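Presented below is the structure to which this report refers.
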Amino acid sequence: MWKPITLGALALVTACAAQSYTGVQTVSPAYQASGPGAPAADCRIRETPTPQGMRLEAAVKTDHAVYGDYDFTITSYSSGGSSDIMQGGPVDLLAGERTKVGSADIPRGRYRAVLVLSDADGALCSAERRS
């Protein structure tokens, strides 16, 4: 059964894939979940050039212990079309811990990467990176 956050992330990826790409790189700031005692979370996507293209790495950090899930989706664009890489799974973090949750090597060209960290109460943070 699909989780509502997964369906929402898929809808977001689909809607954003239809946008035209300007070659401008943007990074969405992490945001803090609302409510008393809600953990602040930080989602980051790091890019590192490789001889064949680019390595994208997804990392998360929270200020409280969190047990949740992450979704990391990369869409790579080339003259032959586009391809998607979807990674996700459970995350169990101690307070203040930062961990790499996913990574992928993609060829040179345009891309869009989205990372979402969520727990039972919903999304804790998200990040987006484009080339």
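Before moving on, here are some points about what is shown:
- Filtered residue count, the stretch 84-106, keeping only those that are assigned to a strand (DSSP E or B), over 16 Å from the mean Cα position of the chain (by Cα) and surrounded by 13 or more Cβ atoms within 10 Å (Cβ to Cβ): 1
- Cross-chain or 6+ apart pairs with Cβ under 6 Å, the stretch 112-123 first and under 19 Å from residue 64 (Cβ atoms) and in contact (Cβ under 8 Å) with a residue 24 or more places away in the chain, then in a strand (DSSP E or B) and among the hydroxyl-bearing types (Ser, Thr, Tyr): 116/126; 117/70
- Residue in the stretch 44-83 that is farthest from the chain's Cα centre (by Cα), counting only those that are of a type in the set (Lys, Arg) and farther than 16 Å from residue 119 by Cα: 55
- Among the residues making up the stretch 46-67, those that are modelled with pLDDT of 95 or more and surrounded by 22 or more Cβ atoms within 10 Å (Cβ to Cβ) are 56, 58, 60.
- Lone qualifier among 118, 76 - being in contact with a helix residue (DSSP H, G or I) (Cβ under 7 Å, 6 or more places away or on another chain), outside any loop (DSSP other than H, G, I, E, B) and surrounded by 22 or more Cβ atoms within 10 Å (Cβ to Cβ): 118
- Of all the residues in the stretch 75-97, those that are out of contact with any Ser or Thr (no Cβ under 9 Å at 6 or more places or on another chain) and closer than 18 Å to residue 127 by Cα number 2.
- Of residues in the stretch 87-117 being at pLDDT below 95 and of a type in the set (Gly, Ala, Ser), the one farthest from residue 50 (Cα to Cα): 95
The values are calculated or read from the model by the stated rules, or taken from the named source; none is laboratory data. Predicted model, so just to flag it, every value in this text is computed and none were measured. In this analysis, Cβ positions are derived from the backbone assuming ideal geometry, glycine residues included, and neighbour counts consider all displayed protein chains.
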